[in-house]
1. Quick one: is residue 81 surrounded by 12 or more Cβ atoms within 10 Å (Cβ to Cβ) and modelled with pLDDT of 80 or more?
2. Just checking, which of 7, 74, 100, 46 is modelled with pLDDT of 85 or more and surrounded by 14 or more Cβ atoms within 10 Å (Cβ to Cβ)?
3. Being surrounded by 15 or more Cβ atoms within 10 Å (Cβ to Cβ), in a helix (DSSP H, G or I) and at pLDDT 85 or above is the filter here; which residues of the stretch 214-271 pass it?
4. I'm trying to understand the selection: among the residues of the stretch 129-147, which are in a loop (DSSP other than H, G, I, E, B) and in contact (Cβ under 8 Å) with a residue 24 or more places away in the chain?
């Protein structure tokens, strides 16, 4: 059974086990207090799940004096996990933002040490220590409390993740050079090129099969750094293949999985028409206009799209029959004419009569 001192919900037996000075010392006395104060009629009481049933009560149901005593005991237990000298840390300095960042590091590291000493785990320690910190019950220095006023378990987890993910400062003030993979150095890069060709040419091969083919082609020894060394291990092949395919995911997909390349990597400027190489090479009209009812009546929306860049022009008009009945040009003709004029294009059609708009150059290849 876990220590009742650190539990949020307690049974009558758990309240007795606390032996708080401001609470009855027997279970009968606790039951009388519960009935007298009508705890079971509040949100701080619930039916206990599991064997035996019964009731359990949240610590917020306790009288104010008993709750203060319980929290003080908790804070003392947290503080006692580390010796007094362990709470010492260097004074904060720098700007306000820098002081806050330094304080967060101190808080997280101290709570990690508390969890390591107690063996309770970070989750429980963060929950209890955050509550104690917000009540200013832990022996942090005043400047740390001023830099970070409040914490929560979620913020402690978030800060810990950022702190642990931060890159270590370079030694000697010099950046560490990236070390080339052994396969990239083997035989002047020939092994790496051979592996890449196998990945692109037969992408179903496993790392073990690729290594076997490399052994068959280059033998059991390769030249790395001017010295003869054994062919890199299977694990090295695994690492290189994973790193190279991740860095060249688009190129690998284009060769090995064209559908995936089209759906995930190809820029929207691509086209299914191989002869379309630039903007304005081909405009296409949507053959299915949107029939929309608006507050101003029923309209049709027509769209003309550039096949390369996916630019479009839209034309909103009354229904086609209404347009023609009122003496206007059909909406598709108007949209094609507007697109041609706006982008300085030439219109290829043999229907010259319907596109006799001022400024439009018509090409009729059927003449």
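1. Criteria not met by residue 81.
2. From the options 7, 74, 100, 46, the qualifying one is 100.
3. Once the filter is applied, which keeps residues that are surrounded by 15 or more Cβ atoms within 10 Å (Cβ to Cβ), in a helix (DSSP H, G or I) and at pLDDT 85 or above, the stretch 214-271 yields 214, 218, 236, 237, 238, 239, 240, 241, 244, 245.
4. Of everything in the stretch 129-147, those that are in a loop (DSSP other than H, G, I, E, B) and in contact (Cβ under 8 Å) with a residue 24 or more places away in the chain turn out to be 135, 137, 138, 139, 140, 141.
Yes/no per residue for (1) closer than 19 Å to residue 124 by Cβ; (2) modelled with pLDDT of 80 or more; (3) not assigned by TED's automatic domain parsing to the domain that holds residue 124:
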| position | (1), (2), (3) |
| --- | --- |
| 18 | yes, yes, yes |
| 42 | no, yes, yes |
| 51 | no, no, yes |
| 55 | no, yes, yes |
| 65 | no, yes, yes |
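The values are calculated or read from the model by the stated rules, or taken from the named source; none is laboratory data. In this text, all values refer to a predicted model and were calculated from it rather than measured experimentally. Note that we place each Cβ from the backbone using ideal geometry, even for glycine, and neighbour counts take in every protein chain shown.
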